[in-house]
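Structure first, commentary second.
The values are calculated or read from the model by the stated rules, or taken from the named source; none is laboratory data. All values reported here derive from a predicted model rather than from experimental measurement. Cβ placement follows ideal geometry from the backbone for every residue including glycine, while neighbour counts extend to all protein chains displayed.
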Amino acid sequence: METDNFEKQLADMTKPDVKGLKHEDMLATAIINARDKSVVSWWWISVPVFIILMLIMKSTFMPGTTLISAMHELESSQKYLSLIFFLISPIIMIIINAMTVRKIHFLSGSPKSINFLETIWFNVLVIALSVLILIIYSL
Amino acid sequence: MDESDLLNRIRKNPENFSEIFKLYYKQIFGYIIRRTGNFDDTADIAADTFLKAFRNIHNFRYTGISVKVWLYRIATNEINLYFRHKQKHNSIFEHINIEDNSVFKNHIAEDRKEIEAELLRHNQFLSILNELKTLPVKYQEVIALRYFEDKNNKEIVEILNINEGTLKSLLSRGLEKLRQKCNHF
């Protein structure tokens, strides 16, 4: 069979068609009423944010203390906890948010305009803060 | 109808999303059934496509691609995920609340009966689809859009977000591979 003939055969053959779907209206109602269940809850983020705010407060109000020294003080007393808060959590947040931005870009119809930034500003902010924590921790 | 008007109305009142359903559900369902050849998987993928579209319609910006192309794009992505992780596929109907589940199941059963009968009336199509499904997904999507959905180059390029040169080369290589597989017909 030549490619041209095969192409014609593909184009000309009859294909199954969908004439009507009885479940359509009920599905539409169910989808419109469906609530979004986000995996990343605010409660999950609040713990590391609380620790970082505490360290910032300490470095601001305690004389002779900087954010870096406060972080390293916590590191020496709580080695594994500080690893989770200042290394593992920021890396996870960067990965989750980068994947979310990619997903939003696709599901927004891949917009090329500045409008897209309005949608993803929060994800970009979380990525920037996570990078900042990683930089401070590595100093 | 002006799509940007419809999008604005949906942003003001999400219930207007039902208009998107009325306009495109049948068409997208048809596209998916002609890719998978299986009613239950199609119902799942179509529902997933529209759920994703509903949850992201507020992010959709009217920048040249139409809602129809956008839905085709989401559906194509969902179909690709289905082919990649078929064993892990969970039914979406377990996660959304259907008001009257028994009525819904009856409707699904009736639709399944009708669609499966329609599939059986197209033996030649099913044989070719079975061979097509053995090819890599990149060939499946261009061949299905061109020959099963009757889309032109411009539409396929928009749906798949690829350039025309890539499309032409995928089409020609894919057709050749499919032709070799279908030689015994």
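Within the range A:87-116, the set of residues being surrounded by fewer than 13 Cβ atoms within 10 Å (Cβ to Cβ), under 23 Å from B:N77 (Cα atoms) and at pLDDT below 80 comprises A:K112, A:S113. Entry remark, the range B:116-142: residues being facing chain A (nearest Cβ under 8 Å) and in contact with a Lys or Arg (Cβ under 6 Å, 6 or more places away or on another chain) number 1 in total. Can you find a residue in the range A:85-101 that is under 18 Å from A:M54 (Cβ atoms) and hydroxyl-bearing (S, T, Y)? Yes: one or more hits.
Of the helices (runs of 4 or more DSSP H) entirely within the range A:33-83, those holding at least 1 residues that are within 23 Å of A:I96 (Cβ to Cβ) and modelled with pLDDT under 80 occupy A:42-61, A:67-77.
Close contacts from the range B:116-131, counting a first residue that is assigned by TED's automatic domain parsing to the domain that holds B:Y147 and a second that is part of a helix (DSSP H, G or I) and not hydroxyl-bearing (S, T, Y), with Cβ to Cβ under 6 Å and a gap of 6+ residues or different chains, come to B:E131/B:K181. Taking the range B:27-66 as the range and being basic (K, R) and touching a helix residue (DSSP H, G or I) at 6+ places or on another chain (Cβ under 7 Å) as the test, the residues that pass are B:R34, B:R35, B:K52, B:R61. Residues in the range B:1-47 that are closer than 12 Å to A:L21 by Cα, surrounded by fewer than 18 Cβ atoms within 10 Å (Cβ to Cβ) and of a type in the set (S, T, Y): 0 in all. Would you point out the residue of the range B:132-162, among those that are free of Cβ contacts under 8 Å to residues at least 12 places away in the same chain and touching a helix residue (DSSP H, G or I) at 6+ places or on another chain (Cβ under 7 Å), that is farthest from B:K68 (Cα to Cα)? Within the range B:132-162, the match that is farthest from B:K68 (Cα to Cα) is B:Y147. Among the residues of the range B:13-55 satisfying the criterion of being more than 7 Å from every other protein chain (Cβ to nearest Cβ) and among the aromatic types (F, W, Y), which is nearest to B:V142 (Cα to Cα)? Selected residue: B:Y31. Residues that are in contact (Cβ under 8 Å) with a residue 40 or more places away in the chain, under 11 Å from A:H23 (Cα atoms) and facing another protein chain (nearest Cβ under 7 Å) within the range B:96-115 comprise B:I108, B:D111, listed in sequence order.
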